[in-house]
Structure formats: C-alpha cells, structure tokens
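Shown next, in structure tokens, is the structure this report addresses.
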Number of protein chains: 2
Amino acid sequence: MPDGAPKKTSRIQKRNRRLILEAALDVFSRHGYRGATLDQIAAEAGLSKPNILYYFDGKEDIHVTLLSRLMDTWLDPLVAMSPQGEPVTEILSYVQRKLNMARDLPRESRLFANEILQGAPRIAPELTGHLKPLFDEKCALIAEWIAQGRLPPLDPQHLIFSIWSTTQHYADFESQVRILMGPEEDPHARASAHLRRMFEAMLRV
Amino acid sequence: MPDGAPKKTSRIQKRNRRLILEAALDVFSRHGYRGATLDQIAAEAGLSKPNILYYFDGKEDIHVTLLSRLMDTWLDPLVAMSPQGEPVTEILSYVQRKLNMARDLPRESRLFANEILQGAPRIAPELTGHLKPLFDEKCALIAEWIAQGRLPPLDPQHLIFSIWSTTQHYADFESQVRILMGPEEDPHARASAHLRRMFEAMLRV
DNA sequence: GTCTATACAAAGATAGAC
DNA sequence: GTCTATCTTTGTATAGAC
C-alpha cells in the first residue's frame with residue numbers, strides 16, 4: 001500500500017464482523033469456550049456457518065479476537081485510578097466503576113471468568129503483557145499512598161484482588177445471587193452501598 | 001429387601017466408583033462440563049470408557065453425582081457458624097475456614113464456579129433446596145446479632161457474598177493470581193492476614 | 001465386570017456453485 | 001460474499017464376546 005490506500009474493509013464487512021463478535025460474546029459467555037458452537041454463533045448472528053468462517057479463521061480466532069478487543073474496556077476502570085486524586089476517594093471510585101461494569105457488562109465479565117477459570121490457556125500472554133504491568137503500576141501507587149501515611153498499612157495486591165472478586169461476583173455468580181436474593185427491587189444499589197461501607201471501613205487510617 | 005440385605009456393593013465397585021469420581025473431579029474442574037470428555041476421565045481413572053459407563057448412566061450422571069456429594073463438604077464452614085459464639089469471632093473464623101477450603105479444595109471450588117457461571121443448569125435444584133435455607137438461616141442469625149447491637153448495621157446477604165467471593169477468588173482465579181503475584185513464598189498467609197484485617201475493620205461496632 | 005468393536009450424533013471446517 | 005452440500009474428527013453411548 002504505497003500510497004496509503006485503505007485496507008478495503010467495506011461497510012458490510014465491518015458490520016458482519018461486528019455481528020459475529022456480538023453473537024460470539026453472547027454464546028461464549030454463556031457456555032464457555034468448549035460449550036459454545038459455531039452453529040449457535042451463526043444462528044445468533046443471522047449468518048450461515050461458512051460465512052462465519054469467511055470472516056474468521058475458526059472458532060479460536062473468534063475467541064481470541066473477542067478477548068483482545070475487550071481487554072482495554074475491561075481495564076479502563078483501573079487505568080482511571082489517578083495519582084492526582086485523594087487516595088480513599090480514588091479507591092472507592094474504582095470500586096464503584098468496577099461494580100457498574102459488572103452490572104453493565106456481565107457477559108464480558110463471564111467471558112473473562114470462564115477463561116481464567118480454565119487456566120487462561122488462550123489469554124495468558126495478554127495477562128502477562130497488559131494486565132501485569134498495569135497491576136504493578138497501581139500496586140506501586142497504593143504502596144506510595146501508604147508510605148505517605150494517606151492510607152493505612154494494607155496489602156496493595158490483595159486489596160485489588162478483593163475489589164475484583166467482590167464486584168465481579170455479581171456478574172459471574174449472578175445465577176446464584178438471584179436464587180438466594182429472590183426478586184429484588186434494586187439489587188445494584190444495595191450491593192453498591194455494602195461495598196462502599198466495607199472498603200470505607202478498611203481504608204480508614 | 002425385607003431382611004435388611006446389604007445393597008451388594010462390592011469392595012471393588014466402591015473402589016471403582018471412587019476412582020471415577022476422583023478423576024471426574026479433576027477433569028470437570030479443569031475444563032468445565034462441556035469441555036470434559038469421558039475419554040479423559042477414563043484415562044485418569046485407569047479404566048476403559050465402557051467400564052465408566054457400567055458404573056454411571058452417562059456423563060451427566062457423573063457430574064450431578066459429584067456435585068451432590070460435594071455439596072455438604074462445601075457448605076460445612078457456613079454450617080459451623082454458631083449462634084453460641086461471639087459474633088465477630090464467628091464471622092472471622094468463617095472467613096478463615098472458607099479460605100482454607102479454597103486452598104485445600106481448589107478443584108471443588110472451580111467445579112462449583114464453572115457450574116454457577118454457566119447458569120447453574122444442573123445444580124439449581126440443590127441450590128434452592130439446600131443452600132438457600134442455610135443462607136437464609138445464617139442471614140437471620142447475623143441480623144439478630146445486629147439487632148442486639150453486637151455487630152454494626154451491615155447487609156447480611158451481601159456480607160456473605162463478599163466472604164464467598166474474596167475467599168473463593170484464590171481458587172477460582174488461581175491462574176491469574178499466579179501470573180500477577182509471581183513466585184510467592186507463602187501466598188496463603190498473606191491472603192489470610194489481608195482478609196482478617198479487612199473483615200475486622202468492617203465488623204468493628 | 002471388563003473389554004473390543006462399532007453405531008450414532010454433534011461440531012469444526014472445506015469444496016464448489018452461484 | 002454467501003450459500004448448500006459434504007468431509008472429518010471427536011465424543012457419547014451401546015452391542016456383544018469373554
């Protein structure tokens with residue numbers, strides 16, 4: 001492409017790839033990698049199975065494409081935790097953003113959960129390459145806040161694990177939560193209040 | 001069986017059923033229901049595939065048998081939370097028992113996580129029948145402690161969710177934790193100290 | 001009770017017409 | 001680019017000998 005010619009991805013191609021990835025997110029998040037079938041994805045996308053394979057090299061290609069494209073969105077709330085802000089506020093806001101994400105993007109949460117649960121066979125490189133540096137950076141930030149006496153002495157790594165697990169629980173274990181809570185007027189609001197209280201208590205110097 | 005005749009389960013039958021369930025726990029917890037194959041289970045159990053199907057009616061039969069047999073063990077730590085004890089001690093002990101369980105029985109944790117994650121299709125009745133009543137009972141106990149002023153006003157249901165999620169995280173998301181923590185001398189001890197501090201802070205009146 | 005051989009179904013992928 | 005038809009592999013389950 002010497003003269004900067006476009007990659008020739010037509011409008012219809014973009015649309016179909018988007019349709020496929022949207023359907024795949026649905027199916028993979030509900031059934032896991034092995035449990036998902038191309039037939040289901042094709043049916044949900046409203047395309048034929050061979051047509052799916054015209055746009056992607058195969059089932060695994062669809063899966064890794066999905067995971068890669070969603071990784072940035074998934075990490076956004078942590079990226080937004082800023083050295084400029086007030087420590088307790090920053091962390092409590094992070095908890096809220098993460099909980100909102102579990103509410104708004106439960107399929108994405110379950111997609112990642114399925115993959116990690118089975119040993120992260122297809123996403124380990126992304127974790128090492130993208131998540132780990134970000135994780136280390138934010139742990140260092142929290143450690144600095146502690147050193148400055150702006151946070152009580154706590155374990156930055158395990159604090160982040162606790163934030164992840166408590167918030168994602170509402171997406172990943174939604175079926176169990178629903179069975180145990182019964183019909184609830186506003187489940188998100190109660191969870192939000194609970195987590196704010198919990199982490200507030202923990203972060204008090 | 002009028003005269004109380006034994007069910008005629010020979011020693012070898014018991015042994016083989018045990019071998020199969022042990023192998024199945026391994027395979028199902030690593031790959032999920034759909035991802036697991038009878039070939040793998042047979043290979044790990046050291047038996048032939050048809051022999052597996054002599055002892056169980058099929059793949060699903062093995063799976064539900066596993067889940068049912070493990071349910072009691074799984075709920076033990078919560079059952080042990082006693083009205084007689086001191087509230088804060090009882091809850092902190094529960095956290096520790098649950099964390100120990102994630103360390104000692106990670107396969108069981110992942111088996112349940114896989115099932116819940118996919119909507120609990122095969123275990124919903126057990127959840128409704130066994131887990132729900134126990135959950136309600138313990139929520140009522142915590143609510144009583146709060147009413148007596150022995151605990152701060154917190155949300156019993158979400159407190160239990162937070163305990164489950166933070167402790168099981170170390171089993172269910174072990175692959176991610178390992179990538180992020182690197183080689184660790186005693187990961188369990190650090191997690192244990194962190195969770196004790198966190199829930200202690202939260203439970204302080 | 002256990003095995004070999006095999007039936008049967010599901011699912012990933014390809015061929016080739018249009 | 002999209003389809004129908006089909007190949008191939010894999011996986012659950014059964015038949016029947018021993």
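Derivation of every value follows stated rules applied to the coordinates shown; laboratory data play no part. In this text the structure is predicted, and so the values were computed from the model without any measurement. A quick note on method: Cβ atoms are made from the backbone with ideal geometry, for glycine too, and the neighbour counts reach across all protein chains shown.
Placing +1 on each Lys and Arg Cβ and -1 on each Asp and Glu Cβ, with no other charges, gives chain A a dipole about its Cα centre of roughly 460 debye. Assuming charge only on the beta carbon of Lys and Arg (+1) and of Asp and Glu (-1), the dipole of the protein assembly as shown about its Cα centre is about 740 debye to the nearest 20.
Taking the Cα centre of the stretch B:128-183 as reference, the dipole from Cβ charges on Lys and Arg (+1) and Asp and Glu (-1) amounts to some 80 debye.
Scanning chain A for trypsin sites (Lys or Arg not before Pro) lying in DSSP loops with no more than 12 further Cβ atoms inside 10 Å, the longest uninterrupted stretch between such sites is A:9-203. Note on chain B: dipole from Cβ charges, positive end direction compared against B:GLN96, B:GLN118, B:ALA193; the farthest Cα belongs to B:GLN118.
Reducing the stretch B:88-163 and the stretch A:126-205 to their Cα centroids gives an inter-centroid distance of 18 Å.
Quick check: the angle from helix B:132-147's long axis to the longest principal axis of chain B, C-alpha only, nearest 10 degrees? Helix B:132-147 and the main axis of chain B meet at about 10 degrees. When the pairs A:LYS14/B:LYS59; B:LYS59/B:LYS98; A:LYS59/B:LYS59 are compared against a 31 Å limit on Cα-Cα distance, A:LYS14/B:LYS59 fall above it. When the Cα positions of A:ALA147, A:ILE160, A:GLY129 are compared along the charge dipole of the stretch A:125-174, A:ALA147 comes out farthest toward the positive end, with charges on each C-beta of Lys, Arg, Asp and Glu.
Which value, in nm² and rounded to one decimal, describes the direction-averaged projected area of the C-alpha convex hull of the stretch B:25-84? Walk me through the intermediate numbers first.
Values: hull surface 19.8 nm².
Dividing the Cα hull surface by four gives the mean projection, 4.9 nm².
Over chain A, the hull volume per residue, using the convex hull of the C-alpha atoms, is 169 Å³.
Between A:GLN13, A:HIS31, A:ILE41, the Cα set farthest toward the positive side of the dipole of the stretch A:8-58 (charges on each charged residue's Cβ, about the Cα centre) is that of A:GLN13.
Quick check on chain A: helices-only [θ] at 222 nm, where DSSP H runs of length 4 and up contribute -39,500 (n - 2.57) each and the sum goes over total residues. Nearest 500, please. Please report the intermediate quantities before stating the final value.
Details: 10 runs with 149 residues, N = 205.
About -24000 deg cm²/dmol.
With its label point put 7 Å out from Cα toward Cβ, B:ASP104 sits 4.3 nm from the same residue's point in the other copies, in order from shortest.
The C-alpha atoms of chain A define a longest principal axis, and helix A:106-117 lies at about 90 degrees to it.
Could you give the longest part of chain A that holds none of the GluC sites (Glu not before Pro) found in DSSP loops with at most 15 neighbouring Cβ atoms within 10 Å? No qualifying site falls inside A:1-183, the longest such stretch. When A:SER192, B:SER68 are arranged by Cβ crowding within 10 Å, least crowded first, meaning fewest neighbours, the order is B:SER68, A:SER192.
For the stretch A:56-63, putting each phi into the Karplus relation 6.51 cos²θ - 1.76 cosθ + 1.60 with θ = phi - 60° gives couplings of 10, 6, x, 4, 5, 4, 4, 5 Hz, in residue order, rounded to whole numbers and with x for Gly and Pro.
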